[in-house]
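Report on the following structure.
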Amino acid sequence: MVAQTVRRDQYPTHYHATRSNIQSQRTSNYNNDPLHTTTHTTTQQQQPQLHSKMGGCASKDKKDSKVVENETAAGTGGGTDAEAANGGEGCVSNSMVFLSRNKSDTMVDAAVMEKMEAGFAKLAASDSKSLLKKYLTKEVFDALKNKKTSFGSTLLDCVQSGFENPDSGVGIYAPDAEAYSLFADLFDPIIEDYHKGFKKTDKHPASDFGDVNAFGNVDPTGEFVVSTRVRCGRSMEGYPFNPCLTEAQYKEMEGKVSTTLSGLEGELKGKFYPLTGMDKAVQQQLIDDHFLFKEGDRFLQAANACRYWPSGRGIYHNDNKTFLVWCNEEDHLRIISMQMGGDLGQVYRRLVTAVNDIEKRIPFSHHDRLGFLTFCPTNLGTTIRASVHIKVPKLAKDYAKLEATADKYNLQVRGTRGEHSEAEGGIYDISNKRRMGLTEFQAVKEMYDGISEIIKIEKSL
């Protein structure tokens, strides 16, 4: 029996979750309740039953076993950047690429097709406002429903969460990197809509963190900014995303991440904590620090992103608790730099140092056109989210002016605990909106310039 009490809510320096609640237009339990703790008790026998009722990758447990056997016999080989960029077999291990594929490997299972058709009909008849419903027309559905990635992922694996949760804001995930290309007729318009005009003919610029010393403290007197945080998501090259990962792959990835992070030095030096077999005292400390994430919400569960929980999951933080990495939560890696106060420069430099150091040892999945690839299409490109918790009581009295100023700099204003929450004590969460079509430096600079302007206006009132 595996019992885990884990929470995925707020950090001591930021009370919101790392996900920006983009899959749901409603307030989610873990984004907005800092006191929410859930106990998950599951057995190893229960897990396959949960997965077998899902479609696509979820119904290929036997295939997973065969793949693992072949990987063991032939050795696991990672894909190349060029392969990933072309949306081909970039995240497929060499042994998997060379596995022979018979007709059944390329055909969509009848049961999966039946579920897909029923889900599409249900969504079409609903009053859902999701981007999935907006762009999954009958023509697009018919064109994509018979397609399968080399991992066996079908259209159902992409849209299942949106089918089961009509209140989704987006409603689609990528089960593997190849899905972004194979199902581009659906992903591209959703990406363009969400990322404000990033067209299928556009190309995300090369990664560029710029001059890491360009940013200073946006609030040196400490009057307004409570805390600052910058995070990014990364996927490990050579592995699919959560729905297609085998338990052996989860464990292998955790081992690589743990080894890599254990080699970090200086202010990044810390310790990795696997969720499996976690000591109760350690677990409680991580809960008290608001570091410990819980098993995925209903949107991630429906997307089949929580297989073999908590196997292969873990948390790393440095000794100062200003640097944190989540392993195999929603993304392969969530890399987070944070601290109290408004010293964005220090927070940004720490993140850049960590990302560059980790990438030397673990290649990241990257697409020539879309930038860095992750499980959710809302988190592509730079994947950067830079945010502050800020007190602006005078400007808050004219909320329209606060939002107008934020919009001018492409910033998003949210409540203290994330989207659709209240600003407790007049504290707002303000972050950059744009992640695609600009560099990492430009994304963070938009936040820096916007917050500087907001503080200037607050002082003048």
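The values are calculated or read from the model by the stated rules, or taken from the named source; none is laboratory data. Given the structure is predicted, the values throughout are model-derived calculations rather than measurements. A quick note on method: Cβ atoms are made from the backbone with ideal geometry, for glycine too, and the neighbour counts reach across all protein chains shown. Accessible surface is based on the protein model in full, side chains and every heavy atom, while ligands, DNA and RNA are left aside. Shrake-Rupley method; radii C 1.70, N 1.55, O 1.52, S 1.80 Å.
Odds and ends about this structure:
- In order along the range 431-441, the Karplus-derived 3J(HN,Hα) couplings, from 6.51 cos²θ - 1.76 cosθ + 1.60 at θ = phi - 60°, round to 9, 6, 8, 7, 10, 10, x, 8, 7, 4, 4 Hz, and Gly and Pro are given as x.
- Net dipole in debye of the range 207-248 [+1 Lys, Arg Cβ; -1 Asp, Glu Cβ; about Cα centre; nearest 20]: 120 debye
- The residues of the range 225-460 present an accessible area of 31 Å² per residue when probed at 1.4 Å with all protein chains retained.
- With every protein chain in place, the range 225-460: carbon and sulfur % of accessible area (1.4 Å): 47 percent
- Cα-based shape type of the range 110-195, given that a ≥ b ≥ c are square roots of the gyration tensor eigenvalues and the cut on a/c is 1.5: oblate
- The lysine pair count for the range 110-195, using Cα distances under 14 Å and pairs eight or more places apart or on different chains, is 4.
- Probe 1.4 Å, accessible area per residue of the range 110-195, Å²: 34 Å²
- Under 22 Å of direct C-alpha separation, and excluding same-chain neighbours fewer than eight residues apart, Lys251 reaches these lysines: Lys60, Lys62, Lys63, Lys66, Lys271, Lys280, Lys294, Lys360.
- Basic side chains Lys and Arg get +1 at the Cβ, acidic Asp and Glu get -1 at the Cβ, and with that the dipole of the range 225-460 about its Cα centre reaches some 300 debye.
- Overall form of the range 216-293 per C-alpha gyration tensor (a/c, 1.5; a/b vs b/c): prolate
- Of the listed residues Thr106, Thr378, the order by accessible area with a 1.4 Å probe, largest first, is Thr106, Thr378.
- Sites Glu117 and Leu461 - FRET efficiency at Förster radius 60 Å, r taken between beta-carbons, to 0.05: 0.55
- Contact order relative to length of the range 225-460, as percent, for alpha carbon pairs under 8 angstrom and 6 or more apart: 25 percent
- Cα centroid separation, the range 285-310 to the range 438-461: 32 Å.
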